[in-house]
Number of protein chains: 2
Amino acid sequence: MIVKTEHAFIRAFAAAVGKKEGEGPLGRQFDYVDTDDRFGQPTWEMAESECARLALSLALAKLPDAAADLLIAGDLQNQCVSSAYGLLDFEIPYLGIYGACSNLTEGMALGAMLLSGGAAKRVALVTSSHNCAAERQFRSPIEYGGQRTPTAQWTVTGAGGYILDAAHGDVRICDCLIGRVQDVGLRDLTDMGAAMAPAAADTLFRYFEESGTRPEDYDAVITGDLGAHGSLLLGTLCRDRDLPLENHFDCGNLIYDASQDVHAGGSGCGCSATVLGAKFLPMLGRGELSSVLMLATGALMSKDSVAQGRSIPAIAHLVHLAHR
Amino acid sequence: MIVKTEHAFIRAFAAAVGKKEGEGPLGRQFDYVDTDDRFGQPTWEMAESECARLALSLALAKLPDAAADLLIAGDLQNQCVSSAYGLLDFEIPYLGIYGACSNLTEGMALGAMLLSGGAAKRVALVTSSHNCAAERQFRSPIEYGGQRTPTAQWTVTGAGGYILDAAHGDVRICDCLIGRVQDVGLRDLTDMGAAMAPAAADTLFRYFEESGTRPEDYDAVITGDLGAHGSLLLGTLCRDRDLPLENHFDCGNLIYDASQDVHAGGSGCGCSATVLGAKFLPMLGRGELSSVLMLATGALMSKDSVAQGRSIPAIAHLVHLAHR
């Protein structure tokens, strides 16, 4: 069911990213670029916490009062500890979410529904990922130097902090659609895009059907981190349903350039969180884009679940954003 | 900020539990008791998924139409895979949450706010834990046979499925208060109660202050899984603030009896989820209790974060429940 969110705007945003992301095509649009991905911390996991803390600090600093009623946050680390530790000092009532790389739009949809329903006046949203923390948790430590496959994506080191507001902001969250978990039976931990594309398609098809719209009714259809392979598959699924995506952008295909050797593109909660905010929000704010659909996509397996022979379930949540 | 939830009721509930829980004092009040904790599955992790699936199936079966607009779920497994796999077949739009053992009241508060704000008419909520899956993930595999300390709690094998409704149900969710992450610097993975008690106290104190009420204004103040040690500490913290808890119950102290050798009591998402539903909801439904505060408490560390020397952050979310 598409939920109209009448009182939900994006008021402020900030991104903190690692060195490689700073060297990419969007590098100058991020608020903070770390010099070496360590963010001054002794472990990769703590570096991610610090990155998340920076993103929220910088976003709150763009408000006159630096305050929020609720904080929604999540990440990829086991038990979402990047968020729990990194955002501890803010003392804002905290709702932890887990949608893997779909966290951005899960949190944005939730925040928009809570604002529109009157449960809060302002909601902060943070989601993060760190390449070195994610690689050793989901695959192998980077020191192992495993060969990467052509479909492998590069987990983004970065965090996005968003301030959603019931009344103020240049970008409107018009409505949202919560995704359903989809599992087409894939088991390849180095091809997340293929596992997530069917989830993006399911949510898009449900949205188009219920709203009576088509892809060309929007300036852009943006996905989170399908990367090159997942984007190709989503394109095929949409063409098969006679809903060709001529205006599709994927954050995973935008954050790095071809010289950065990331194979199928970027991924991770930090990918969609930083690219939506740094690239698309300013265009929506200025009215260069008037209406877009944003779907962050998440793969919901764990390393253990795949080791036990289970396939990779995935989900995608949609928010419809427009120039105010 | 306490959020009033005018249109939120608990309409149906079901619990599925393991063998040991079935042998405890509440055994006859659970809907399904497994014969051997395996739930017919080849791994402990898949057993938990099946337990969660059963709890939601049995709860939905108590409705005339077995339908819900949204499903909120979470668990303790890395990347919350118990919920992702276990609830896949329901095809209900899915919001993953992570608040560790606070999932019950995080989800109930979220669901109540979404229902009251008009974002849904009916929300299903499931949370689960499994002793053997949790022990090998957070501590040691049970085959290791490690000695348990006096403060150690026994992770409950069980899941609770709740159906929240905007209009129907005998128990009203009157209002809720989202917790703040608290970290008092404890590092003992075998004493979760001590880490969580300050979080429960923080939320309770904020609630009493903002509402202008005291513990004795409610028939019961119920916590999720502080166990014997955490309950003692919460009692002390409350007495120190001149808010003695004469009517305190902890689900972790109720699910097993003294003969079951669980040391400081039960714990895990499944503890509060099954005990609130099986013991207290019927009393609220019949009016034997008229108004209670329920706080599920969660410890937000991971095994790795503690191994890296970090302390244990915790959180507690509150829902105020009343006889309709």
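For the reader, a short list of remarks on this structure follows.
- For segment A:243-262, the criterion of being within 14 Å of another protein chain (Cβ to nearest Cβ), of a type outside the set (Phe, Trp, Tyr) and closer than 28 Å to A:GLN77 by Cβ is satisfied by no residue at all.
Conditions (1) in contact with a helix residue (DSSP H, G or I) (Cβ under 6 Å, 6 or more places away or on another chain); (2) at pLDDT 95 or above; (3) under 20 Å from A:ARG136 (Cα atoms); (4) surrounded by 23 or more Cβ atoms within 10 Å (Cβ to Cβ), marked per residue:
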{"position": "A:LEU237", "(1), (2), (3), (4)": "yes, yes, no, no"}
{"position": "A:LEU243", "(1), (2), (3), (4)": "yes, yes, no, no"}
{"position": "A:GLU288", "(1), (2), (3), (4)": "no, yes, no, no"}
{"position": "A:MET301", "(1), (2), (3), (4)": "no, yes, yes, yes"}
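- Condition check for B:ILE92: within 17 Å of B:SER49 (Cβ to Cβ), at pLDDT 95 or above and touching a Gly at 6+ places or on another chain (Cβ under 9 Å): no
Here's the yes/no breakdown for (1) buried (at least 24 other Cβ atoms within 10 Å of the Cβ); (2) more than 20 Å from the chain's Cα centre (by Cα); (3) on the phi < 0 side of the Ramachandran plot; (4) part of a strand (DSSP E or B):
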position: B:ALA119; (1), (2), (3), (4): yes, yes, yes, no
position: B:VAL126; (1), (2), (3), (4): yes, no, yes, yes
position: B:ALA133; (1), (2), (3), (4): yes, no, yes, no
position: B:GLN147; (1), (2), (3), (4): no, yes, yes, no
position: B:THR151; (1), (2), (3), (4): no, no, yes, no
position: B:ALA159; (1), (2), (3), (4): yes, no, yes, yes
position: B:LEU164; (1), (2), (3), (4): yes, no, yes, yes
position: B:ILE173; (1), (2), (3), (4): yes, no, yes, yes
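Conditions (1) in the same structural domain as A:ALA16 (by TED's automatic domain parsing); (2) more than 24 Å from A:HIS323 (Cα to Cα); (3) surrounded by fewer than 18 Cβ atoms within 10 Å (Cβ to Cβ), marked per residue:
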position: A:ILE178; (1), (2), (3): no, no, no
position: A:ASP191; (1), (2), (3): no, yes, no
position: A:LEU204; (1), (2), (3): no, no, no
position: A:GLY227; (1), (2), (3): no, yes, no
position: A:ASP240; (1), (2), (3): no, yes, yes
position: A:TYR256; (1), (2), (3): no, yes, no
position: A:ASP261; (1), (2), (3): no, yes, yes
position: A:THR274; (1), (2), (3): no, no, no
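- Annotation: B:ALA12 fulfils all but one of (1) crowded, with 19+ Cβ neighbours inside 10 Å; (2) under 29 Å from B:ILE142 (Cα atoms); (3) in contact with a helix residue (DSSP H, G or I) (Cβ under 6 Å, 6 or more places away or on another chain); the unmet one is (2).
- The residue that is farthest from B:ALA68 (Cα to Cα), among those in segment A:187-203 that are away from chain B (no Cβ under 14 Å) and not in a helix (DSSP H, G or I), is A:THR190.
- For the residues B:LEU243, B:LEU234, B:LEU293, the requirement of being in a strand (DSSP E or B) and not charged (D, E, K, R) singles out B:LEU293.
- Pairs, first touching a residue at least 40 places away in the same chain (Cβ under 8 Å) in segment B:64-88, second of a type in the set (Val, Ile, Thr) and in a loop (DSSP other than H, G, I, E, B), C-beta under 6 Å, six or more apart: B:ALA68/B:ILE92; B:LEU71/B:ILE92
Let's see how each residue does on (1) surrounded by fewer than 19 Cβ atoms within 10 Å (Cβ to Cβ); (2) farther than 23 Å from B:MET1 by Cα; (3) not assigned by TED's automatic domain parsing to the domain that holds A:LEU318:
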residue	(1), (2), (3)
A:ALA59	no, no, yes
A:ALA68	no, no, yes
A:ASP75	no, yes, yes
A:SER82	no, yes, yes
A:GLY86	no, no, yes
A:GLU91	yes, no, yes
A:LEU95	no, no, yes
A:GLY99	no, yes, yes
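- Any hit, segment A:296-308, residues being more than 13 Å from chain B (Cβ to nearest Cβ), farther than 20 Å from A:THR127 by Cβ and touching a strand residue (DSSP E or B) at 6+ places or on another chain (Cβ under 9 Å): no
- Of the residues making up segment B:55-82, those that are under 17 Å from the mean Cα position of the chain (by Cα) and outside any strand (DSSP E or B) number 7.
The values are calculated or read from the model by the stated rules, or taken from the named source; none is laboratory data. The structure displayed is predicted, hence computed values, not measured ones. Methodologically, a virtual Cβ is constructed for each residue, glycine included, from the backbone with ideal geometry; neighbour enumeration extends over all protein chains shown.
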